Each structure stands twice: as C-alpha cells, then as structure tokens.
There are 2 protein chains.
Amino acid sequence: MTQQKTFREVIADGEGIFQPSVSLDCVIFGFHENELKVLLIKAKSTDHWALPGGFVFKDEDLDDAATRVLKERTGINDIFLQQFHVFGSAKRSDWNIHRSNFKKDGIEIGPDHWLLKRFITVGYYALVEFAHVITTPDSSSEECRWWDINEIEELFMDHKQILDKALDTLRLQLNHLPIGYNLLPQKFTMPELQKLYETILNKTLDRRNFQRRMTGFGILKRLKETRKGGAHRAPFLYSFDMRKYRKALKQGLHGGW
Amino acid sequence: MTQQKTFREVIADGEGIFQPSVSLDCVIFGFHENELKVLLIKAKSTDHWALPGGFVFKDEDLDDAATRVLKERTGINDIFLQQFHVFGSAKRSDWNIHRSNFKKDGIEIGPDHWLLKRFITVGYYALVEFAHVITTPDSSSEECRWWDINEIEELFMDHKQILDKALDTLRLQLNHLPIGYNLLPQKFTMPELQKLYETILNKTLDRRNFQRRMTGFGILKRLKETRKGGAHRAPFLYSFDMRKYRKALKQGLHGGW
C-alpha cells in the first residue's frame, strides 16, 4: 500500500512542481440549524488554525487547483467554489510562523526556500449545508473542523482578513442574489428562510418586511401544506421556484434591464 | 537627460525584479456622448492590439502595481481600478506571438526566458469619461487609443476573453449598483441617463419603465430647471443625490437587509 504524501512533504519539495508566487485559499462557510460556521484546518504541532489552501501545479488551471486543494486538505468534493478576491499585499506573508511550524515537525527549511518567498493568494469561497459535508483531513498531521464564525479571533497569517472579506462578499450578495437552495430542506417555512438570512447577517430582521420583500422577488412557491405540530398556528410551507431562482442567480433578484 | 526605459527594455531584463507567474491586465472602458469604448495599446511593429497590462515588482502591492502599470503604459492617473476576475487557465499564454513581436524589435528571447513562462493574470477594470482622460503611451514603441467595443474581433492572447468578462461584470453591476457620476454632466436629463444604460447594455430600453425604476432607487434629485432649446417639450434636469448614491454603491440600489 503506497502512502499518500502528506501536504507537508509535498511542500518540503514542492519547488519545480508548483507555479511560483501564486497560492489559493478556500473559505468554506457551513450553515446548519441556524448556525454559520467556517471550515478551518491546523497542523497538530502548531497553535495556528488556517483556511484550507495550497498551490497550483504548473500545468493545472487555477480553478481546478482550488477544487483539488480543497479535496486534498479537507476531503470535500463537488462543491462550487467561487473566486471572490485576490490578496496581493507585499507584506502579507509572515513566514516566520510557517518556518517554526515546520521546525516542530522536524522539517528544516532554509531562508531561500521557495515557500518563504512572497505569494499572492486567490480567495475562493462557498456556502454549504455542513451536515451534508464529510470532512476528512488529508494526513495524520492535520486537524479539520467547523468553527463558529463568531469564535474566531486570530488565524494564520492574513487568513482572518481573507475570511472577513469573504463574509462581506457573502453578506453583500444577499442584497441582490438568491440564497437557500441546498441550505434549507426542500420545503421550508418563511421563519426558517428568515433565520438563514439573520444567521448570515448576524442581526434580526423585521418579520413583515422580510416576508413582503422575499415574496416580491417571485422566486418562492407557497405550497398548500402547512408545517404541523407547533404550539402556534401552523405556518405555510414554501419551496423555491427553481426556474425563477436560477434566472435570479444570473441577473439578480431585481431583474435585469 | 536620462531616457526612461521602454516597457520592452524592462521586459527584456525583468527577471529578478518582478514577481514570477503573476501579471495584471486593465480593461479601461470609456464613455462619451453615447459611445462605449475600450482603451487598447499596441507595439508599432506588431498587428496585435492588447489590453494595457504588466507585472508586479517584488516589493509592490498588487493593487498598486495595477495603478502604476496603467499610468506607465497609457499615462492615465487617478482612476479607481477594481479587480474583477483572475484568469488562470494553464493554456492561456501564447508566447509565440510575443516572441515574434520581440524579434521584430530586434530583441531575441530564448525558450527559457522568464516572459515565456506561464502567467496567471489578475483583471482590473474601470469606467471613465474618456473626454476627460489624457492618454500618452509610455514610449515611442507603443500606440494607445480608444476602440469602439463593437469593432473589436481579436486581441493579443486571451485579451478578448478578458474584455468580454469585464463587460459582463459591468452589465451585471447595472442591475444592482448605481452608475453615472463622473460619466454624465452634473445636471442631466432622464433621456441622457437612459442613453448611458442603453449604450453599456447595447440595447434599447422602454422609456417609461426606465424612468419609473430609476426614480424608485431614490438616488436622483429632480431640479427645478429644465433643459432649454430642443424641438420637444423641455425635459427636466436631474442630479444625483450623492449621499444616497454613495450608500447605494455600498449596499446596492435596492438597499440592504
């Protein structure tokens, strides 16, 4: 049985196989039962949690590299990753941290090591139902788990900044793009949909305004059934009108010109 | 008097001063009197028009590099460039074209030249009033001019694809972000504003729908004056309510949650 190389082993002798200067980092947001989380990884010998990220093979498309890196480092497959920003500050790398991490693992890297050079990183993000996602870190040296986004204070290098920018992007997109498909059950109530928005925005919304606005987008179908079993009046169930939902994904919730 | 190095001279011995693998390209859209143009440059010895682009110095922030490159290659200063996409296909470079261009200029570059390696390029774009923009190509070897976007069939390498993606981005943004400040005179008529949208979208819009929708955004102030001198009934003049315009730039024309 051949042992797959660990990420650290690949890193240690990665020069020549990776495109220099360019890296990528993935911000995977997870939603489940009114909680918004983000997937972070960590080498067991360090205290630094980080976004799952990696490098681009010399003959590999950038977007394919993002999919591969995410799969290798977390086990996650088949999710749509979207570019959201390139982080290109000349001062963004703090490779002292990286170097000391390697040292703890018994890997000595010199000052001219390719990994200590400057990298410009492309940020990718996705939002998934995290109960449906099975994460398996790539090697025994990595931990991988969902963190409540409000718990996170510090991350490896500028990863907190990258996470914050992804969260800003997600929140801004709520103003003009539909959301909810694959995050909610196929039939859901208006309060459940509202809770999704409130969780992402981290604030409460007015119930009647929300319902009026959401109905106005024309992407919902109100079903004949109601949700049974609560103490209150049984709320109506809705589902997305997928034809209109997909159209709104392309030209925005408010329609094109 | 020291002669500034030409772009081609810098390119010829650029290894060691530029960040490897990473380039950037600028799509500068220009609007003036109901025409939408894009700024292209060309080396005089070649037939290939290209987007103004360049490389990142090793100690330079990526966004600063975009501003510098645009200034060096076109003379344009002080415009807000926005990242819109990273082009990272492994097959995007066609350096045979580049190599033969250099040859015509008497610069021989070998197969291991840094310029012939793979580059991942970051696309930046801006939309300006082109009558206000003075373009001055950086050296005698470059031409620089505005092209009608409908005239353009082929460009250097994948630059046509980059241009198309920028145009798609601009058109989608019209659905949820305000536009017009700095492109229209301070006081303008509704038909003039409509014409701006029609020019960018390359289609005609219904006059009454446009007016109703545009008024609904709340970013316009109708002035007491009218535009005098036409054959028709004098149309009202408008200006942007800049406080609301700026707010809409941040959270979208339809407001935040």
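Figures for the structure shown
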| quantity | calculated |
| --- | --- |
| Shape call, chain A: gyration tensor on alpha carbons, a/c limit 1.5 | prolate |
| Order of exposure, largest accessible area first, which applies to B:F80, A:F31, B:F57 with probe 1.4 Å | B:F80, B:F57, A:F31 |
| Cut-off under 5 Å, modelled amide H: who pairs with B:F57 long-range | B:Q19 |
| Cα-centre dipole for region A:7-173 with unit charges at Cβ (Lys and Arg positive, Asp and Glu negative), debye to 20 | 400 |
| Nearest-10 value in Å² for the accessible area of B:D59, using the 1.4 Å probe | 120 |
| Electrostatic dipole magnitude of region A:188-251 [Cβ: Lys, Arg +1; Asp, Glu -1; Cα centre; debye, to 20] | 260 |
| Probe 1.4 Å, all protein chains present, accessible-area order of A:R68, B:R99, A:R243, largest first | A:R243, B:R99, A:R68 |
| Residue-averaged 222 nm ellipticity for chain B, from DSSP H runs of 4+ at -39500 (n - 2.57), nearest 500 | -9000 deg cm²/dmol |
| Solvent exposure ordering (accessible area, 1.4 Å, most first) of B:L174, B:L81 | B:L81, B:L174 |
| Among B:I41, B:I76, B:L237 the positive-end extreme of the charge dipole of chain B (Cβ point charges) | B:L237 |
| Share of carbon and sulfur in the accessible heavy-atom surface of region B:78-181 [1.4 Å probe, %] | 49 |
| Stretchable slack from A:R243 to A:T136, in nm (0.36 nm times residue separation minus alpha-carbon distance) | 35.1 nm |
| Accessible area per residue, Å², the protein assembly as shown with all protein chains present, probe 1.4 Å | 52 |
| Cβ-placed point charges (K, R +1; D, E -1), dipole of region A:51-143 about Cα centre in debye, nearest 20 | 520 |
| Estimated FRET transfer efficiency (B:K71, A:K228; beta-carbon r; R0 60 Å; 0.05) | 0.35 |
| Nearest-10 value in Å² for the accessible area of A:E108, using the 1.4 Å probe | 130 |
| Antiparallel DSSP beta bridges within the protein assembly as shown, as percent of all bridges there, nearest 5 | 75 |
| A:D241 long-range amide H proximity, modeled H, under 5 Å | A:L220, A:K221 |
| Inter-copy separations for A:I107, label at 7 Å along Cα-Cβ, nm, ascending | 3.8 |
| Whole-Hz ³J(HN,Hα) from phi, Karplus 6.51 cos²θ - 1.76 cosθ + 1.60, for region B:173-183, glycine and proline x | 5, 4, 6, 9, 10, x, 8, x, 4, 6, 9 |
| Tensor-based shape of region B:158-257 (alpha-carbon gyration tensor, a/c under 1.5 rounded, otherwise prolate or oblate) | oblate |
| Nearest-10 value in Å² for the accessible area of B:F156, using the 1.4 Å probe | 20 |
| Shape of the protein assembly as shown, Cα gyration tensor, a/c cut at 1.5 | oblate |
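The values are calculated or read from the model by the stated rules, or taken from the named source; none is laboratory data. Computed from a prediction, not measured in an experiment: that's the story for all the values here. Neighbour counts are summed over all protein chains in view; Cβ atoms, including those assigned to glycine, are modelled from backbone coordinates with ideal geometry. The area values use the complete protein model at the heavy-atom level, side chains included, leaving out ligands, DNA and RNA. Shrake-Rupley method; radii C 1.70, N 1.55, O 1.52, S 1.80 Å.
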